[in-house]
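FYI, it's all coordinate maths here, none of it is from the lab. Model, not experiment: these values are computed from the prediction. With ideal geometry, Cβ positions are generated from the backbone for all residues, glycine too; neighbour counts draw on all protein chains shown.
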Amino acid sequence: MSITIALVGNPNSGKTTLFNALTGSNQHVGNWPGVTVERKEGQVRHGNTVCRVVDLPGAYSLGAFSEDEMVAREFILTGNPDVVINVIDATNVERNLYLTTQLLEMGAKVVIALNMVDEAKEREISIDEKALARRLGVPVIPTVASRRNGLEQLMNAALAVASAPRNGHVRLSYGESIDDKLAKLTNLLKAGRWDYPSGWLALKVMEGDEYVRKIVADEQSMQRSKEFLRLWDEIAANEDYYQLEIVDSRYRFVGEVTQDAVRRPAVAVETATDKLDRILTHKYWGIPIFAAIMFVVFQLTFAIGQDFLGEWMASAVEYIGEFLESLLLTVNAPQWLVDFTGNGIIAGVGAVVEFVPLIVILYLLMGLLEDSGYMARAAYVMDNTMRAVGLQGKTFISMIVGFGCNVPGVMATRTLESKKDRMIAILINPFMSCGAKIPIYLVFIAAFFPAYGGAALFAMYALGIIVAFIMGKIFSKTLFKGEVSHFIMELPPYRMPTLGTVLRSMWDNVSGFLTRAGTTIFAVVSLLWVLAVLPGGVEPYGPESILGQIGLAIAPIFKPAGFGTWQASVGLFSGIAAKEAVVATLGMVYAGVEEGMELVMSIREVFTPLTAVSFMVMTLLYTPCAATLGTIRKETGSGKWALFSALYSFGVAWALAVVVFQVGSLLGFA
Amino acid sequence: MNYSPLVDLHEGVTCKVARIQAGRTATKRLYEMGFNTGARIKVLKNDRGPVIVGLGGHKVALGRGLAAKMLVTKE
Ligand SMILES: Nc1nc2c(ncn2[C@@H]2O[C@H](COP(=O)(O)OP(=O)(O)OP(=O)(O)O)[C@@H](O)[C@H]2O)c(=O)[nH]1
Ligand SMILES: [Mg+2]
């Protein structure tokens, strides 16, 4: 037997934690509302039932406001789950039960996972789950998803409910006048054929649900009924009132359900969160503290990842290279293969892999930040600044996510309710420097500014944020006019990051990095190697090779920016496949120049400190990688925006690189 | 009854939501997040940035524009 279980609940209630615990998956968990923005599926066997478990984005209600809530709603309405596990946060039962009420109204089979009971206990909130279960008519199972407590009982209850017959809908009273209209409308709707119970459709119509209204309005038989049309108009005339009255009625119902069953201490226990917030959200210190946190992150990344572990990794790569070469020589492999392995793969892919320790440290630190609860505070302290450039605080979260990788960064914009906010957020996200660009900066930093590694990295990231702000301002004044949308954001309690979560999110990113090194980068390097040694007879990696010719054709574009060499041009263009390819390409085309610190040494010879800076600025800002462009296309629903993104960011990057070089030259830098 | 906009209240004050005069979507969103009529909220922070209020044991940050449109009655 197999059944479908949907995980539904308010944002940040622990759905994904539960999903991972149940299915052994490795989905992204973080301590801020809106981490999950798409549907994720996994499987678990319980007894002899195979359960398909579906993790959904968080939602405050079924009337979706943003793209991520839409995904959740869509699955609840059309995915036909056999049972819904409604994950509710025990520290905020009342608000969470609002969604539960809506689920019960539609007659879904529900089991409640009363999650985070550990935190409720800490705050001295007592919950009588038996009373809740009795009054709601559904099982209520206390759980601590992060410690895997209560999962067994939860699954037992879910399977029992899934196989039991549906037990009537919960009927609430919405006040006399609404109940009256509801009854009439329900009766009239019974004449039509629907996929949903007519009572529920009637309720949704009165609540002003666009989707249900459309279903009902599109039904021919309804349009023929005069009585129906009259009622329809009557309802439309009063919809604002009905809407809010229905919401209030649900809260009244929730109030009755929780009456005496949920007790809070008279004076709320002052938590560590309150104390921390006094500092971290301080009106003057908030932003400097954010900057300081980021600065420390980069310093640590550099100190541990590069200075401490980097050497070791570099010699490991070198050792493997030598080993492979001698192996190939002993088996009498053809010269081209030896050459391809040594000067192509090891020089190219190896140059990227050397940075794994650094990436590991960066993602560990980012994971700590994400799981701590600080992300929502960053959004809070940035709201004023963001507002000044026509954006709002919530956009900042998608920007920080972009620091890891722009693909989830662009996806994270789904939580933005206004179309304008979302489009701008998508278009500026690629300016957030992602992990894949770090190897590029690192090579140039090692060549020219080895003493200022952490500060240089920080400066690159800061520049990305500044350019994003400027472009945001320009977009909100030109392409996407309109009011700045409202900022509404829940600030979750700070939580001690769990080791498992942090390690898993780190591994998720690092394995992506390694996979790209083994696939995309490998393919790019192989292709470029072939182009670099052809046509036969030319000097490999020389300007006469096909690759050299292509590079030479492009190079003049970059002359005003100071790095008009064919190697740099080829590197930049291969970076559109994936940003790591820039370093891989540079590693390869400068290979064989000298032994030892080849890449860094040759960079030091062909670049100057000034052109190094302008090249770094270029790589920070120019055309997003193919994966990001693909995501932009998907999320905006149009290839035109992806193309626009590719071109305008190239323009911005080029212009800034030129300014850096020209102004720098004028000022006498070299 | 004396209505005052949430944004005018000082930190530490407890009040009840009376009426929200934002657009229809924003109003419904707030209602569904627990800011329905009669909901008890406590102003936790109100300086330059968004107003932070305590609602049912959780903290919610509301942009100042929005906080100006939320009318409350002091307790
Ligand atoms: N103390 C405690 N923390 C928990 C529990 N379950 C989850 N968490 C933490 O709560 C935070 C949110 O967890 P997620 O699983 O990402 O929540 P979600 O419901 O998937 O959130 P969205 O995807 O944003 O809707 C994380 O920091 C978890 O570590 C629990 O039972 N107890
Ligand atoms: Mg989630």
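Considering Cα pairs under 8 angstrom that are at least six residues apart, work out the relative contact order of region A:2-163 and quote it in whole percent.
Details: 319 pairs, mean separation 39.1, N = 162.
After rounding, I find 24 percent.
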Cα-based helix-to-principal-axis angle, A:176-189 vs chain A, degrees rounded to 10: 80 degrees
Within region A:483-572, GluC sites (Glu not before Pro) in DSSP loop having at most 16 other beta-carbon neighbours inside 10 Å: A:GLU483, A:GLU544
For chain A: relative contact order, % (alpha-carbon pairs under 8 angstrom, 6 or more apart): 12 percent
Cα point-scatterer Debye curve for region A:286-666, base-10 log of I(q)/I(0) at q = 0.09, 0.10, 0.15 Å⁻¹: -0.52, -0.64, -1.38
Phi-based couplings in Hz for region A:608-618 (Karplus 6.51, -1.76, 1.60; Gly and Pro marked x): 10, x, 5, 5, 4, 5, 5, 5, 5, 4, 4
Net charge of Cβ neighbours under 15 Å - reference A:LYS477; Lys, Arg +1; Asp, Glu -1: +2
Cα-only Debye scattering, the protein assembly as shown: base-10 log of I(q)/I(0) at q = 0.11 Å⁻¹: -1.17
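Here are some pairs, A:LYS437/A:LYS634; A:LYS190/B:LYS16; A:LYS130/A:LYS181; A:LYS481/B:LYS16; A:LYS419/B:LYS59; which of them have Cα atoms lying more than 29 Å apart in this structure? Write out the running numbers ahead of the final one.
Values: A:LYS437/A:LYS634 23 Å; A:LYS190/B:LYS16 41 Å; A:LYS130/A:LYS181 35 Å; A:LYS481/B:LYS16 35 Å; A:LYS419/B:LYS59 26 Å.
Violating the 29 Å limit, Cα to Cα: A:LYS190/B:LYS16; A:LYS130/A:LYS181; A:LYS481/B:LYS16.
Sorted by average packing, counted as other Cβ atoms within 10 angstrom per residue and highest first, what order do A:6-18, B:13-25 take? Show your work: numbers first, answer last.
Numbers: A:6-18: 26.0, B:13-25: 15.8.
Ranked from most to least packed, the peptides come out as A:6-18, B:13-25.
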Region A:21-144 shape via C-alpha gyration tensor axes, a/c threshold 1.5: rounded
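Can you pull out the chymotrypsin sites (Phe, Trp or Tyr not before Pro) in region A:145-224 whose DSSP state is coil and whose Cβ has at most 14 other Cβ atoms within 10 Å?
Those satisfying the criteria are A:TRP194.
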Highest average packing first - A:410-423, A:343-356, Cβ atoms within 10 Å: A:343-356, A:410-423
In order through region A:299-307: 3J(HN,Hα) via Karplus (6.51 cos²θ - 1.76 cosθ + 1.60), integer Hz, x for Gly, Pro: 4, 5, 4, 5, 5, 7, x, 9, 5
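Report the FRET efficiency, 1/(1 + (r/R0)^6), for A:ASN238 and A:GLN259, where r is their Cβ-Cβ distance and R0 is 30 Å, rounded to 0.05.
Working: r = 30 Å, r/R0 = 1.00.
Efficiency, rounded to the nearest 0.05: 0.50.
Let me have the relative contact order for region A:176-263, percent, based on Cα pairs under 8 Å that are six or more residues apart.
On the way: 45 pairs, mean separation 23.0, N = 88.
Computed value for region A:176-263: 26 percent relative contact order.
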Chain B shape via C-alpha gyration tensor axes, a/c threshold 1.5: rounded
Distant-in-sequence amide H partners of A:HIS46 (H built 1.01 Å from N, under 5 Å): A:CYS51
J(HN,Hα) series, region A:573-580, from Karplus relation 6.51 cos²θ - 1.76 cosθ + 1.60, nearest Hz, glycine and proline x: 5, 5, x, 6, 5, 6, 5, 4
Crossing angle, helix A:626-636 versus chain A [Cα axis fit, 0-90 degrees, rounded to tens]: 30 degrees
Where trypsin sites (Lys or Arg not before Pro) fall in DSSP loop in region A:244-347, at most 16 other Cβ within 10 Å: A:LYS283
Cα long-axis angle, helix A:151-163 against chain A (0 to 90 degrees, to the nearest 10): 60 degrees
Debye, to nearest 20: dipole size of region A:468-512, +1 on Lys, Arg Cβ, -1 on Asp, Glu Cβ: 160 debye
Long-range amide H partners of A:LEU491 with built H, under 5 Å: B:LYS59, B:VAL60, B:ALA61
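Place a +1 charge on the Cβ of each Lys and Arg in chain A and a -1 charge on the Cβ of each Asp and Glu, then give the dipole magnitude about the Cα centre in debye, rounded to the nearest 20.
Details: 54 positive and 62 negative charges, 286 e Å.
Once rounded to the nearest 20, the dipole reads 1380 debye.
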